[in-house]
1. Measuring from a point 7 Å out along Cα→Cβ, what nm distances, shortest first, does B:Glu23 have to its partners in the other copies?
2. What residue among A:Gly282, A:Gly215, A:Gly273 shows peak mean-square fluctuation when chain A is described by a Gaussian network model with Cα springs under 10 Å?
3. Can you work out D for the range A:5-309 in µm² s⁻¹ from Stokes-Einstein, where Rh is the Kirkwood radius over C-alpha pairs, the temperature is 37 °C and the viscosity is 0.692 mPa s?
4. Every other copy gets compared here: list the nm distances from the A:Lys142 label point (7 Å along Cα to Cβ) to its counterparts, shortest first, one decimal.
5. Which shape class, rounded, prolate or oblate, goes with the range B:1-155 when its Cα gyration tensor gives a ≥ b ≥ c as root eigenvalues, a/c under 1.5 marks rounded, and past that a/b bigger than b/c marks prolate?
6. Counting only other chains, what is the mean number of Cβ atoms within 10 angstrom of the Cβ of each residue in peptide A:282-292?
7. Using the per-residue mean of other Cβ atoms lying within 10 Å as a proxy for protection, in what order, highest first, do the peptides B:229-241, B:298-310 fall?
8. Restricting attention to the range B:1-76, which GluC sites (Glu not before Pro) occupy a DSSP loop and are surrounded by at most 13 other Cβ atoms within 10 Å?
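The values are calculated or read from the model by the stated rules, or taken from the named source; none is laboratory data. Here the structure is a predicted model, which is why all the values come from computation and not from measurement. Don't worry about glycine lacking a Cβ; one is built from the backbone with ideal geometry, like all the others, and counts go over all protein chains shown. Surface areas here come from the heavy atoms of the whole protein model, side chains and all, with no ligands, DNA or RNA. Shrake-Rupley method; radii C 1.70, N 1.55, O 1.52, S 1.80 Å.
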There are 2 protein chains.
Amino acid sequence: MKKIAIAIHGGAGTILKQDLTPELEAAYLSGLQKALDNGYKKLSGGLTAIDAVLQAVIDLEDNILFNAGKGSVFTKTGKHEMDASIMDGKTLEAGAVAGINSIKNPVQLALDVMKHTEHVMLSGQGALDFAATKNYALQPDKYFYAEQRYKQWQLVQDTDTVALDHNIQVKDKKFGTVGAVAVDSDGNIAAATSTGGMTNKQFGRIGDSPIIGSGTYANNNTCAISCTGHGELFIRAVTAYDVSCLMEYKGLSLQEAMHIVVHEKLVRIGGEGGMIGVDNNGNTALLFNSEGMYRGVRNSEGMNEVKIYK
Amino acid sequence: MKKIAIAIHGGAGTILKQDLTPELEAAYLSGLQKALDNGYKKLSGGLTAIDAVLQAVIDLEDNILFNAGKGSVFTKTGKHEMDASIMDGKTLEAGAVAGINSIKNPVQLALDVMKHTEHVMLSGQGALDFAATKNYALQPDKYFYAEQRYKQWQLVQDTDTVALDHNIQVKDKKFGTVGAVAVDSDGNIAAATSTGGMTNKQFGRIGDSPIIGSGTYANNNTCAISCTGHGELFIRAVTAYDVSCLMEYKGLSLQEAMHIVVHEKLVRIGGEGGMIGVDNNGNTALLFNSEGMYRGVRNSEGMNEVKIYK
């Protein structure tokens, strides 16, 4: 059996130890460990990389601490608009949803777009119409409500401020996104990403999370990548696919390619954030150019850790 | 002054001479020539590549023959949903709109997203709310009405058929998209793409046209690309940025890189369609793996032609 591995993230940004209470820090670490373990169990049980990234992202979406699914931030009008995507490195099939509400697990809907339509990306009410054909239950707004998010929104709702942060009381930027990448025992890889977007966002803004090539990419020949960061800059840099191209066309390793993209190319354009990656040999990398990134990694060679700070 | 050049497309697919009347063929060629000339005039007048691609795409959007702006195809519910994007190779700034209606020139709105917001991509009603802040007039549905599109839709509206075609009475596939790429006298390059999507489309489907990296990409160091084809496969292949990476990381020429993507990589995954490209030396290429592509190219060395078939 080949080496199996999973890596996850729960967002990057200005995450400083002095800004988190011990209780909150423990809750973040516990949430990450649970998602990591539940994803890993799929792999160790012989299931696919797609199964593993789906499970880990669902766990993070269901955790109110992370800005995806339950606990998503508020838009300008007090709503929740979520984006998600998933890609299978074996088949290069992909699915994505953008600007949706009322769906408990956007990443599951993205997978159903991939599996049950001839499309890659569905948006808005149309995506919900598709969800209805698959008998998705719609959650009331209160399901997504998190007191901390509501307070964040209250601070800025009457302004034109759009907060990239998922935790505004911390002074600087945080990018609220969750994601997972995995390699299974057949050497197939996959990636998935999900987000509630930006606090106080308006105008139906779509960031990099649902964009194949920018927020998410997977190809068995190179890597599976899930990003978190200042979405607009990640789109302009086509960040996830750039790692793949550096591996395919320049022969770089996963770590080398991710280093160039995260610490050189993104830094040059002011693109704060990070990404997680895996290749089909079971190598993993978790890189960020911000102060911190909620993250975790586990593999069949005994690695098993969750971290927040540098 | 450096060599200036512009290339345009009006969609690709199964476009066969025997399927077009001489009158319709002449109308297509005339529409292409007008857009090409109006875009070229911007360049020869000393304006930027962005000005040129904007003008050419506006001309194609305003022409009822092409599936973008006026003349956009009908969705499942008899509406028009349009997507567009634009990217500046000098600054790597980009703007895009997805799933919008009632806007005469979606490419202009994409440019305003780029210039006047901190975002890259706006969608649906939110994008229209942004347009309202810029005093865009909303067009009634009848502005977009084209009898030929209505007939196409009538043929399939009661079925689950989604037509990639923009001219269904022709037997096989056509991909209704318009686009332009240009290099100006300062050696700056730009790309823009606009589409009315797929006849009878539903579920808020978004194709490659508004996706930076897939349908549109521009970078002065490599190339500006606008694609037309089976959007889902172009998204999965991250088509436009792939050309850029082949140039940047493998040192290929524009023509070589486009050849690999259009005639090898896309063909392998069944991705029918084509693309136009330009580099900062004024080289242009117009490649497609389908039967035809509405296209044109003009430069300051005397090249000036519009074509439809192989």
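1. Label-point distances to the other copies, shortest first: 7.9 nm.
2. For chain A, modelled as a Gaussian network with Cα springs under 10 Å, the answer is A:Gly282.
3. 178
4. 4.8
5. Because a/c hits 1.5 or more and a/b fails to exceed b/c, the range B:1-155 counts as oblate.
6. What the average comes to for A:282-292 is 0.
7. Descending mean neighbour count gives B:229-241, B:298-310.
8. none
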